[in-house]
Structure formats: structure tokens, C-alpha cells
1. I want to confirm something. Restricting to segment 1-13 and keeping residues that are modelled with pLDDT of 85 or more and either under 13 Å from the mean Cα position of the chain (by Cα) or part of a strand (DSSP E or B) (or both), which single residue is surrounded by the most Cβ atoms within 10 Å (Cβ to Cβ)?
2. How about segment 17-68: which of its residues are part of a helix (DSSP H, G or I), at pLDDT 85 or above and touching a strand residue (DSSP E or B) at 6+ places or on another chain (Cβ under 8 Å)?
3. Of all residues in segment 35-52, which are under 12 Å from the mean Cα position of the chain (by Cα) and over 20 Å from residue 21 (Cα atoms)?
């Protein structure tokens, strides 16, 4: 998952392809039904990267959606 805030200078697909290439074997990239999700967020000049589980099942970790 990639999101940029206050930064339009970085190409989304370039980031996604770079992250996908960095996943070591024997792991496989499955964009449709992932076990874990690598989240990349860019805010101005800061890059945040995290690996999380159940991203879709937990409503993208959105507390408002989870509690409604």
C-alpha cells in the first residue's frame, strides 16, 4: 500500500515495484490476497515503512470503520 501526502515528486509504481523486488525468496508477492501488507507512506520528505497483518480484514486499520 502506498500513499503520499504533500509530495508529488515520487512515482507510485516505482515505489511499488521497488518494494516488490525487495521481497526475498521464498516469499511471494500477492497483491490480491496478501498475508502481510507492506505499507509505505511518504509525508513531505519523510518515508514511513511498516509490515502489518490483516490490513484489509481490519478495514485498513481505520478505527472509525472498525467501530461502526
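1. Ranking the qualifying residues of segment 1-13, first place goes to 12.
2. Pass one, segment 17-68, residues part of a helix (DSSP H, G or I): 17-22, 59-61, 63-67.
Of the ones still in play, those that are also at pLDDT 85 or above are 17-22.
Listed by number, the list holds a single entry, 19.
3. Just the residues of segment 35-52 that are under 12 Å from the mean Cα position of the chain (by Cα), to begin with: 36-42, 47-52.
Answer for segment 35-52, where residues must be under 12 Å from the mean Cα position of the chain (by Cα) and over 20 Å from residue 21 (Cα atoms): there is none.
The values are calculated or read from the model by the stated rules, or taken from the named source; none is laboratory data. Computed from a prediction, not measured in an experiment: that's the story for all the values here. Please note: Cβ atoms are built from the backbone with ideal geometry, for glycine as well, and neighbour counts cover all protein chains shown.
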